[in-house]
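Here is the structure we will look at.
The values are calculated or read from the model by the stated rules, or taken from the named source; none is laboratory data. Everything numeric here is computed off the predicted structure, so don't read it as measured data. In this analysis, Cβ positions are derived from the backbone assuming ideal geometry, glycine residues included, and neighbour counts consider all displayed protein chains.
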């Protein structure tokens, strides 16, 4: 290993902030997803929130005594409306499968169970969320702005504004619940501070976020129009068209599985092109570019995961020993490579990995074959490696070997796209924070020497992609956000586990893919049907929407 180690030489003793993205490298995929899917993020779980939150704003803005001040909207007024939904939604599903994704209900509905307790009626003044604007302020407001439902305040002291679309959604949700005792009490008193079980159950029949209630509501068609904008002409610069095309990808992935789609098949369908071993995902031709964009999201996620595995292996070793000399860490790395019989040149190790997966050929041949022929049937593909590593999050040897396999196999699999400088590849690969394209370019240059060894490759990855990256991110957060995310400090050739940082948080995960949120919302809206075994298929209306999206591409031609 060379001497370019982290440059901080004194321990910083501050309150530690855990944080999951310890290397600060997940943002590239998240920003790209926001570009290709505006208005839906990994924490926006249900379609009807877009009309429900619009309705709360509507009631406040057009209330008889409203001065439209933001201070009067926040807190009690907002939270009583959201708490009524939380309590009602829980009752609506208390005798069947729990309905997840209701903001403020707690993990496994633990909070809302406690709120109901044994009292009837129950208070709406519950401490369920720190943000004074609840789930709207925490998660949905930015998304609803991107969807053209909400506009920013005219001035800071005033409440947010509704667009004409937002107003229409609010009025449609209100019309859906107008016959309930809960709504009638609101109309009579302006605000109410408690709700009975009977009123909550009646309200949930038409006001819940679930598919059954939406199907009885008057806001469903408007929600579909808000999400899809089928009347908008094809134009990549239009954010609503980009969202429509991404929703088309979600519909197509479910459709092509012919009624056998399961949610955990989304990532391999995109990254490898297979739902399961031998079952290929063949997207509609007109959607191929958009499927490619979502494939690139998963390529970035897998790249990030490979680095996180190597990072976790180092942290686990450091925690177990408290202090590690630089030479001892170097020896640990070398011992793992020797024991695995991986002390080869990088091209030779690539050939070994492929041979173990049943794919023969020399390194040059494998660069063109891996993407097509390295499938899930081998049980050694990157998605399988991710699943296995996730089950062994505290085993440094497994994580170390997994990180090496993933980063090398990913390079083989996607080398053709890098080499051809595919435009969609470049959209994602040039995103900042350890750009994927830079990794491929550096690998390509270094591999001009076919004798470049894995003993040189591993230290290079650790230095440039892990130690230096963690240093930069941790210093940045400490300087600008005033909290400590340092996981170790380095002094006089020794890595030290920091004082007071006994808890270890495994830093490995695949970051959220927002198509999962799309699928949930499309189930809510009735375009995707979910069977008793969790298998998903398109409804007849879902097939119509998919066809209309495909027609949009043809009309653009």
Problem set entry | Entirely in the range 25-83, the helices (runs of 4 or more DSSP H) that have 1 or more residues that are assigned by TED's automatic domain parsing to the domain that holds residue 122, more than 30 Å from residue 246 (Cβ to Cβ) and at pLDDT 95 or above | 49-61, 70-73
Problem set entry | Complete set of residues in the range 543-557 that are under 20 Å from residue 263 (Cα atoms) and in contact with a helix residue (DSSP H, G or I) (Cβ under 6 Å, 6 or more places away or on another chain) | 546
Exercise. Just wondering, is there one or more residues in the range 463-472 that are touching a helix residue (DSSP H, G or I) at 6+ places or on another chain (Cβ under 7 Å) and either outside any helix (DSSP H, G or I) or at negative phi (or both)?
Worked result: yes
Problem set entry | Selection status of residue 89, over 18 Å from residue 57 (Cβ atoms) and either surrounded by fewer than 18 Cβ atoms within 10 Å (Cβ to Cβ) or free of Cβ contacts under 8 Å to residues at least 12 places away in the same chain (or both) | no
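Mind counting the residues in the range 184-198 that are surrounded by fewer than 21 Cβ atoms within 10 Å (Cβ to Cβ) and in contact with a helix residue (DSSP H, G or I) (Cβ under 8 Å, 6 or more places away or on another chain)?
7
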Exercise. Only one of 185, 215 is within 22 Å of residue 63 (Cβ to Cβ) and in a helix (DSSP H, G or I); which?
Worked result: 185
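Rundown of residues vs (1) at pLDDT 95 or above; (2) farther than 22 Å from residue 267 by Cα; (3) assigned to a loop (DSSP other than H, G, I, E, B), yes/no style:
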{"position": "370", "(1), (2), (3)": "yes, no, no"}
{"position": "384", "(1), (2), (3)": "yes, no, no"}
{"position": "397", "(1), (2), (3)": "yes, yes, no"}
{"position": "402", "(1), (2), (3)": "yes, no, no"}
{"position": "408", "(1), (2), (3)": "yes, no, no"}
{"position": "411", "(1), (2), (3)": "yes, no, no"}
{"position": "414", "(1), (2), (3)": "yes, no, no"}
{"position": "425", "(1), (2), (3)": "yes, no, no"}
{"position": "448", "(1), (2), (3)": "yes, yes, yes"}
For this session: Please list, ordered by first then second residue, the pairs with beta carbon atoms under 7 Å, 6 or more apart or interchain, first in the range 308-327 and closer than 13 Å to residue 489 by Cβ, second modelled with pLDDT of 90 or more and assigned to a helix (DSSP H, G or I).
Result: 324/317; 324/318
Problem set entry | Selected residue (only one of 129, 52 is without any contact (Cβ under 8 Å) to a residue 60 or more places away in the chain and either under 29 Å from residue 218 (Cβ atoms) or in contact with a strand residue (DSSP E or B) (Cβ under 7 Å, 6 or more places away or on another chain) (or both)) | 129
Seminar exercise, completed: In the set 529, 533, 522, the lone residue that is in a helix (DSSP H, G or I) and either surrounded by fewer than 17 Cβ atoms within 10 Å (Cβ to Cβ) or at pLDDT 95 or above (or both) is 522
Exercise. What number of residues in the range 138-157 are without any contact (Cβ under 8 Å) to a residue 12 or more places away in the chain and either closer than 11 Å to residue 57 by Cβ or touching a helix residue (DSSP H, G or I) at 6+ places or on another chain (Cβ under 8 Å) (or both)?
Worked result: 1
